[in-house]
There are 2 protein chains.
Amino acid sequence: MHLTQFSGYGLRVLIYTGLKGEQLSTIAEIAEAYGISRNHLMKVVQQLGSRGFLYSRRGKNGGVRLAVSPDDIRIGTVVRAMEPNWRVADCMRSAEDCALTPACRLRRKLRDANQAFLDVLDEMTLAEVLHDQAHRNTLRELLAIESLTAPPRTESAGSDRRATTT
Amino acid sequence: MHLTQFSGYGLRVLIYTGLKGEQLSTIAEIAEAYGISRNHLMKVVQQLGSRGFLYSRRGKNGGVRLAVSPDDIRIGTVVRAMEPNWRVADCMRSAEDCALTPACRLRRKLRDANQAFLDVLDEMTLAEVLHDQAHRNTLRELLAIESLTAPPRTESAGSDRRATTT
(Lines give C-alpha, C1' and ligand atoms only; values in the text may rest on other atoms or scores of the structure.)
Protein backbone atom coordinates (compact mmCIF):
# COMPACT_ATOMS: atom_id res chain seq x y z
CA MET A 1 0.00 0.00 0.00
CA HIS A 2 1.55 3.26 -1.00
CA LEU A 3 0.90 6.67 -2.42
CA THR A 4 1.67 6.79 -6.13
CA GLN A 5 4.65 8.74 -7.40
CA PHE A 6 2.21 10.96 -9.27
CA SER A 7 0.50 12.07 -6.04
CA GLY A 8 3.86 12.41 -4.29
CA TYR A 9 5.18 14.69 -7.01
CA GLY A 10 1.94 16.67 -6.94
CA LEU A 11 2.40 17.37 -3.24
CA ARG A 12 6.01 18.40 -3.82
CA VAL A 13 4.97 20.86 -6.51
CA LEU A 14 2.37 22.42 -4.21
CA ILE A 15 4.92 22.77 -1.42
CA TYR A 16 7.41 24.38 -3.80
CA THR A 17 4.90 26.82 -5.26
CA GLY A 18 3.51 27.47 -1.78
CA LEU A 19 6.98 28.52 -0.64
CA LYS A 20 7.36 30.87 -3.60
CA GLY A 21 4.14 32.74 -2.80
CA GLU A 22 3.18 35.14 -5.58
CA GLN A 23 6.34 34.45 -7.60
CA LEU A 24 5.97 32.16 -10.59
CA SER A 25 7.93 28.90 -10.72
CA THR A 26 8.98 27.07 -13.85
CA ILE A 27 8.76 23.30 -14.27
CA ALA A 28 12.50 23.29 -14.93
CA GLU A 29 13.34 24.89 -11.60
CA ILE A 30 10.97 22.62 -9.64
CA ALA A 31 12.44 19.57 -11.39
CA GLU A 32 15.94 20.73 -10.51
CA ALA A 33 15.09 21.52 -6.88
CA TYR A 34 13.79 17.99 -6.32
CA GLY A 35 16.14 16.23 -8.73
CA ILE A 36 13.30 14.67 -10.71
CA SER A 37 12.49 14.47 -14.42
CA ARG A 38 10.85 17.42 -16.19
CA ASN A 39 8.75 15.08 -18.27
CA HIS A 40 7.22 13.51 -15.17
CA LEU A 41 6.54 16.92 -13.67
CA MET A 42 4.89 18.21 -16.82
CA LYS A 43 1.90 15.87 -16.45
CA VAL A 44 1.76 16.45 -12.70
CA VAL A 45 1.61 20.22 -13.17
CA GLN A 46 -1.03 19.82 -15.89
CA GLN A 47 -3.20 17.76 -13.55
CA LEU A 48 -2.75 20.22 -10.67
CA GLY A 49 -3.75 23.01 -13.03
CA SER A 50 -6.80 21.25 -14.39
CA ARG A 51 -7.96 20.52 -10.82
CA GLY A 52 -7.70 24.18 -9.83
CA PHE A 53 -4.67 24.06 -7.55
CA LEU A 54 -2.28 25.90 -9.85
CA TYR A 55 -2.53 29.04 -11.93
CA SER A 56 -0.26 28.99 -14.92
CA ARG A 57 1.01 31.77 -17.18
CA ARG A 58 2.33 30.82 -20.59
CA GLY A 59 5.11 32.43 -22.50
CA LYS A 60 8.73 33.38 -22.02
CA ASN A 61 8.33 34.69 -18.47
CA GLY A 62 5.60 32.20 -17.66
CA GLY A 63 5.34 29.70 -14.87
CA VAL A 64 2.97 28.44 -12.22
CA ARG A 65 1.86 29.54 -8.77
CA LEU A 66 -0.84 28.41 -6.35
CA ALA A 67 -4.33 29.31 -7.56
CA VAL A 68 -5.79 29.11 -4.04
CA SER A 69 -4.59 29.88 -0.54
CA PRO A 70 -2.54 27.11 1.17
CA ASP A 71 -5.15 27.28 3.96
CA ASP A 72 -7.75 26.02 1.52
CA ILE A 73 -5.77 23.03 0.21
CA ARG A 74 -6.36 19.85 2.19
CA ILE A 75 -3.79 17.12 1.58
CA GLY A 76 -6.43 14.39 1.20
CA THR A 77 -8.15 16.51 -1.45
CA VAL A 78 -4.91 16.77 -3.40
CA VAL A 79 -4.37 13.01 -3.30
CA ARG A 80 -7.95 12.38 -4.46
CA ALA A 81 -7.55 14.92 -7.26
CA MET A 82 -4.27 13.43 -8.46
CA GLU A 83 -5.69 9.90 -8.54
CA PRO A 84 -9.30 10.26 -9.66
CA ASN A 85 -9.44 6.61 -10.65
CA TRP A 86 -7.53 5.22 -7.75
CA ARG A 87 -8.36 1.92 -6.18
CA VAL A 88 -7.21 0.57 -2.88
CA ALA A 89 -6.99 -2.91 -4.39
CA ASP A 90 -7.11 -4.40 -7.89
CA CYS A 91 -10.61 -5.76 -7.23
CA MET A 92 -11.89 -2.16 -6.94
CA ARG A 93 -10.94 -1.49 -10.53
CA SER A 94 -12.82 -4.36 -12.01
CA ALA A 95 -15.28 -6.70 -10.35
CA GLU A 96 -14.01 -9.43 -12.68
CA ASP A 97 -10.59 -9.21 -11.10
CA CYS A 98 -11.57 -11.48 -8.23
CA ALA A 99 -14.09 -14.31 -8.06
CA LEU A 100 -14.99 -13.31 -4.49
CA THR A 101 -16.21 -9.84 -5.42
CA PRO A 102 -19.97 -10.51 -5.30
CA ALA A 103 -19.78 -11.50 -1.62
CA CYS A 104 -16.48 -10.13 -0.31
CA ARG A 105 -16.59 -8.69 3.20
CA LEU A 106 -12.94 -7.72 2.98
CA ARG A 107 -13.58 -5.39 0.08
CA ARG A 108 -15.81 -3.19 2.22
CA LYS A 109 -13.17 -3.10 4.94
CA LEU A 110 -10.50 -2.08 2.44
CA ARG A 111 -12.73 0.78 1.38
CA ASP A 112 -13.08 1.85 5.04
CA ALA A 113 -9.30 1.65 5.51
CA ASN A 114 -8.79 3.79 2.43
CA GLN A 115 -11.23 6.34 3.80
CA ALA A 116 -9.38 6.38 7.13
CA PHE A 117 -6.12 7.05 5.24
CA LEU A 118 -7.63 10.01 3.41
CA ASP A 119 -9.37 11.31 6.56
CA VAL A 120 -6.01 11.61 8.30
CA LEU A 121 -4.54 13.46 5.32
CA ASP A 122 -7.58 15.76 5.29
CA GLU A 123 -6.67 16.88 8.81
CA MET A 124 -3.71 18.73 7.33
CA THR A 125 -3.70 21.71 4.97
CA LEU A 126 -0.85 22.83 2.74
CA ALA A 127 -0.53 25.85 5.09
CA GLU A 128 0.20 23.45 7.95
CA VAL A 129 2.84 21.67 5.89
CA LEU A 130 4.52 25.01 5.17
CA HIS A 131 4.00 25.98 8.84
CA ASP A 132 5.56 29.16 10.25
CA GLN A 133 8.07 31.58 8.79
CA ALA A 134 11.08 29.83 10.34
CA HIS A 135 9.97 26.46 8.94
CA ARG A 136 9.35 27.96 5.50
CA ASN A 137 12.85 29.36 5.53
CA THR A 138 14.23 25.92 6.36
CA LEU A 139 12.26 24.37 3.50
CA ARG A 140 13.40 27.12 1.13
CA GLU A 141 17.00 26.40 2.03
CA LEU A 142 16.50 22.68 1.43
CA LEU A 143 15.09 23.47 -2.00
CA ALA A 144 17.61 26.23 -2.68
CA ILE A 145 14.84 28.79 -3.17
CA GLU A 146 16.03 32.31 -2.64
CA SER A 147 14.08 33.63 0.32
CA LEU A 148 11.80 36.52 -0.57
CA THR A 149 10.79 37.67 2.90
CA ALA A 150 12.99 38.74 5.73
CA PRO A 151 13.31 36.31 8.64
CA PRO A 152 11.06 36.99 11.67
CA ARG A 153 13.72 38.91 13.61
CA THR A 154 13.74 41.70 10.97
CA GLU A 155 10.00 42.35 10.72
CA SER A 156 10.71 46.08 10.54
CA ALA A 157 12.50 45.54 7.21
CA GLY A 158 8.95 45.64 5.79
CA SER A 159 8.92 46.59 2.17
CA ASP A 160 12.27 45.15 1.08
CA ARG A 161 10.95 42.05 -0.69
CA ARG A 162 14.40 41.01 -1.92
CA ALA A 163 15.94 40.79 1.55
CA THR A 164 17.90 37.57 1.93
CA THR A 165 17.79 35.26 4.91
CA THR A 166 20.75 34.27 7.02
CA MET B 1 -2.44 4.75 -2.82
CA HIS B 2 -3.24 1.11 -3.13
CA LEU B 3 -2.61 -2.31 -1.72
CA THR B 4 -0.01 -4.18 -3.75
CA GLN B 5 -1.04 -7.16 -5.85
CA PHE B 6 1.23 -9.28 -3.65
CA SER B 7 -0.78 -8.44 -0.50
CA GLY B 8 -4.04 -8.84 -2.38
CA TYR B 9 -3.09 -12.30 -3.57
CA GLY B 10 -1.92 -13.18 -0.06
CA LEU B 11 -5.34 -12.33 1.33
CA ARG B 12 -7.04 -14.36 -1.39
CA VAL B 13 -4.90 -17.41 -0.56
CA LEU B 14 -5.78 -17.12 3.13
CA ILE B 15 -9.48 -16.88 2.32
CA TYR B 16 -9.26 -19.92 0.05
CA THR B 17 -7.35 -22.05 2.55
CA GLY B 18 -9.61 -20.79 5.35
CA LEU B 19 -12.62 -22.06 3.41
CA LYS B 20 -10.99 -25.46 2.93
CA GLY B 21 -10.40 -25.93 6.66
CA GLU B 22 -8.24 -28.98 7.40
CA GLN B 23 -8.09 -30.02 3.72
CA LEU B 24 -4.90 -29.21 1.85
CA SER B 25 -5.02 -26.92 -1.20
CA THR B 26 -2.56 -26.94 -4.07
CA ILE B 27 -1.19 -23.80 -5.66
CA ALA B 28 -2.63 -24.99 -8.97
CA GLU B 29 -6.18 -25.17 -7.64
CA ILE B 30 -5.95 -21.77 -5.92
CA ALA B 31 -4.55 -20.23 -9.12
CA GLU B 32 -7.39 -21.73 -11.12
CA ALA B 33 -10.09 -20.67 -8.65
CA TYR B 34 -9.00 -17.03 -8.88
CA GLY B 35 -7.83 -17.12 -12.50
CA ILE B 36 -4.34 -15.89 -11.64
CA SER B 37 -0.86 -17.11 -12.53
CA ARG B 38 0.72 -20.01 -10.64
CA ASN B 39 4.10 -18.33 -10.76
CA HIS B 40 2.77 -15.27 -8.98
CA LEU B 41 1.08 -17.43 -6.36
CA MET B 42 4.20 -19.48 -5.70
CA LYS B 43 6.03 -16.53 -4.13
CA VAL B 44 2.91 -15.40 -2.30
CA VAL B 45 2.45 -18.86 -0.74
CA GLN B 46 6.14 -19.00 0.17
CA GLN B 47 5.89 -15.67 1.96
CA LEU B 48 2.71 -16.68 3.79
CA GLY B 49 4.47 -19.88 4.87
CA SER B 50 7.60 -18.15 6.06
CA ARG B 51 5.51 -15.71 8.09
CA GLY B 52 3.66 -18.52 9.85
CA PHE B 53 0.24 -18.21 8.23
CA LEU B 54 0.39 -21.39 6.16
CA TYR B 55 1.44 -24.94 6.90
CA SER B 56 2.69 -26.75 3.83
CA ARG B 57 3.19 -30.44 3.11
CA ARG B 58 5.49 -31.40 0.27
CA GLY B 59 5.19 -34.32 -2.07
CA LYS B 60 2.65 -35.83 -4.40
CA ASN B 61 -0.34 -35.36 -2.11
CA GLY B 62 1.05 -32.19 -0.62
CA GLY B 63 -0.45 -28.74 -0.38
CA VAL B 64 -1.07 -25.93 2.05
CA ARG B 65 -3.55 -25.14 4.79
CA LEU B 66 -3.82 -22.45 7.46
CA ALA B 67 -1.23 -22.87 10.21
CA VAL B 68 -3.27 -20.82 12.69
CA SER B 69 -6.94 -20.29 13.42
CA PRO B 70 -8.73 -17.68 11.26
CA ASP B 71 -9.66 -15.99 14.55
CA ASP B 72 -6.00 -15.27 15.16
CA ILE B 73 -5.26 -13.73 11.77
CA ARG B 74 -5.77 -9.96 11.66
CA ILE B 75 -5.94 -8.50 8.16
CA GLY B 76 -3.56 -5.63 8.99
CA THR B 77 -1.03 -8.18 10.23
CA VAL B 78 -1.21 -10.05 6.94
CA VAL B 79 -0.66 -6.88 4.93
CA ARG B 80 2.34 -5.92 7.10
CA ALA B 81 3.78 -9.43 6.76
CA MET B 82 3.38 -9.46 2.99
CA GLU B 83 5.06 -6.08 2.60
CA PRO B 84 7.81 -5.97 5.23
CA ASN B 85 9.58 -3.17 3.40
CA TRP B 86 6.54 -1.22 2.41
CA ARG B 87 6.54 2.53 2.31
CA VAL B 88 3.55 4.82 2.09
CA ALA B 89 5.55 7.17 -0.18
CA ASP B 90 8.84 6.98 -2.09
CA CYS B 91 10.48 9.31 0.44
CA MET B 92 10.01 6.63 3.12
CA ARG B 93 12.28 4.24 1.21
CA SER B 94 15.18 6.57 0.94
CA ALA B 95 15.72 9.92 2.60
CA GLU B 96 17.62 10.99 -0.52
CA ASP B 97 14.47 10.63 -2.59
CA CYS B 98 13.23 14.08 -1.61
CA ALA B 99 15.13 17.24 -0.69
CA LEU B 100 12.44 18.12 1.87
CA THR B 101 12.97 14.99 3.98
CA PRO B 102 15.03 16.57 6.80
CA ALA B 103 12.20 18.94 7.68
CA CYS B 104 9.04 17.52 6.10
CA ARG B 105 5.89 17.80 8.20
CA LEU B 106 3.90 15.95 5.55
CA ARG B 107 6.03 12.84 5.92
CA ARG B 108 4.90 12.39 9.52
CA LYS B 109 1.29 12.83 8.48
CA LEU B 110 1.64 10.22 5.75
CA ARG B 111 2.97 7.83 8.37
CA ASP B 112 -0.08 8.55 10.56
CA ALA B 113 -2.39 7.99 7.60
CA ASN B 114 -0.70 4.69 6.85
CA GLN B 115 -1.16 3.66 10.48
CA ALA B 116 -4.85 4.58 10.31
CA PHE B 117 -5.20 2.39 7.20
CA LEU B 118 -3.66 -0.60 8.97
CA ASP B 119 -5.61 0.05 12.18
CA VAL B 120 -8.88 -0.30 10.28
CA LEU B 121 -7.70 -3.54 8.69
CA ASP B 122 -6.64 -4.80 12.12
CA GLU B 123 -10.24 -4.49 13.26
CA MET B 124 -11.06 -7.48 11.06
CA THR B 125 -9.88 -11.07 11.40
CA LEU B 126 -9.85 -13.71 8.68
CA ALA B 127 -12.66 -15.42 10.64
CA GLU B 128 -14.79 -12.30 10.16
CA VAL B 129 -14.06 -12.30 6.43
CA LEU B 130 -15.19 -15.92 6.21
CA HIS B 131 -18.12 -15.07 8.51
CA ASP B 132 -20.86 -17.62 9.14
CA GLN B 133 -21.60 -20.96 7.55
CA ALA B 134 -24.02 -19.55 4.99
CA HIS B 135 -21.48 -16.95 3.89
CA ARG B 136 -18.73 -19.54 3.67
CA ASN B 137 -20.94 -21.64 1.44
CA THR B 138 -21.48 -18.63 -0.82
CA LEU B 139 -17.74 -18.01 -1.01
CA ARG B 140 -17.10 -21.70 -1.72
CA GLU B 141 -19.55 -21.57 -4.58
CA LEU B 142 -17.88 -18.47 -6.01
CA LEU B 143 -14.52 -20.27 -5.89
CA ALA B 144 -16.00 -23.60 -7.04
CA ILE B 145 -14.77 -25.33 -3.89
CA GLU B 146 -16.74 -28.44 -3.19
CA SER B 147 -18.47 -27.82 0.11
CA LEU B 148 -17.29 -30.12 2.87
CA THR B 149 -19.99 -29.43 5.41
CA ALA B 150 -23.70 -29.66 4.95
CA PRO B 151 -25.56 -26.34 4.67
CA PRO B 152 -27.23 -25.08 7.89
CA ARG B 153 -30.66 -26.46 6.99
CA THR B 154 -29.36 -30.05 7.08
CA GLU B 155 -27.46 -29.97 10.36
CA SER B 156 -28.73 -33.47 11.13
CA ALA B 157 -26.68 -34.81 8.20
CA GLY B 158 -23.82 -34.66 10.73
CA SER B 159 -21.10 -37.12 9.86
CA ASP B 160 -21.41 -37.05 6.06
CA ARG B 161 -18.40 -34.85 5.36
CA ARG B 162 -18.75 -35.19 1.60
CA ALA B 163 -22.30 -33.87 1.51
CA THR B 164 -22.79 -31.32 -1.23
CA THR B 165 -24.56 -28.00 -0.84
CA THR B 166 -27.81 -26.87 -2.44
Inset, instruction - Go over the candidates A:N61, A:N85 one by one and state the one that is exposed (fewer than 14 other Cβ atoms within 10 Å of the Cβ), touching a residue at least 24 places away in the same chain (Cβ under 8 Å) and part of a loop (DSSP other than H, G, I, E, B). - result: A:N61
Inset, instruction - Just need a number here: residues in segment B:95-118 that are farther than 22 Å from A:I36 by Cα and open to solvent by less than 10 Å² (accessible area, probe 1.4 Å). - result: 3
Legend entry - Condition check for A:L121: in contact (Cβ under 8 Å) with a residue 24 or more places away in the chain, assigned to a helix (DSSP H, G or I) and either surrounded by 19 or more Cβ atoms within 10 Å (Cβ to Cβ) or in contact with an Asp or Glu (Cβ under 9 Å, 6 or more places away or on another chain) (or both): yes
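Tell me which residues, restricted to segment A:16-40, are in contact (Cβ under 8 Å) with a residue 60 or more places away in the chain and open to solvent by 40 Å² or more (accessible area, probe 1.4 Å).
A:Q23
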Legend entry - Residue list for segment A:4-15, filter: within 16 Å of A:T138 (Cβ to Cβ) and open to solvent by less than 10 Å² (accessible area, probe 1.4 Å): A:I15
Legend entry - Test set (1) under 24 Å from B:Y34 (Cβ atoms); (2) out of contact with any helix residue (DSSP H, G or I) (no Cβ under 6 Å at 6 or more places or on another chain); (3) modelled with pLDDT under 95; (4) buried (at least 17 other Cβ atoms within 10 Å of the Cβ) - B:M92 fails condition number: (1)
Legend entry - Selection status of B:V79, within 8 Å of chain A (Cβ to nearest Cβ), in a helix (DSSP H, G or I) and within 23 Å of A:V120 (Cα to Cα): yes
Legend entry - Complete set of residues in segment B:1-40 that are within 30 Å of B:L110 (Cα to Cα), within 13 Å of the chain's Cα centre (by Cα) and not small (G, A, S): B:L3, B:T4, B:Q5, B:F6, B:Y9, B:L11, B:R12, B:V13, B:L14, B:I15
Legend entry - Residue ID - farthest from the chain's Cα centre (by Cα), chosen from residues in segment A:98-125 that are more than 9 Å from chain B (Cβ to nearest Cβ) and not basic (K, R): A:D122
Inset, instruction - Within segment A:14-47, work out how many residues are more than 12 Å from chain B (Cβ to nearest Cβ) and closer than 25 Å to A:Q133 by Cβ. - result: 9
Legend entry - Per-region count, segment A:44-58, residues loosely packed, with under 13 Cβ neighbours inside 10 Å and either part of a helix (DSSP H, G or I) or among the charged types (D, E, K, R) (or both): 3
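The values are calculated or read from the model by the stated rules, or taken from the named source; none is laboratory data. All values derive from a computational prediction rather than experimental measurement. Because the Cβ atoms are built from the backbone with ideal geometry, glycine has one as well, and the counts that use them run over all protein chains shown. Ligands, DNA and RNA are stripped out before the accessible areas are found, and what is left, the full protein with its side chains, is counted by its heavy atoms. Shrake-Rupley method; radii C 1.70, N 1.55, O 1.52, S 1.80 Å.
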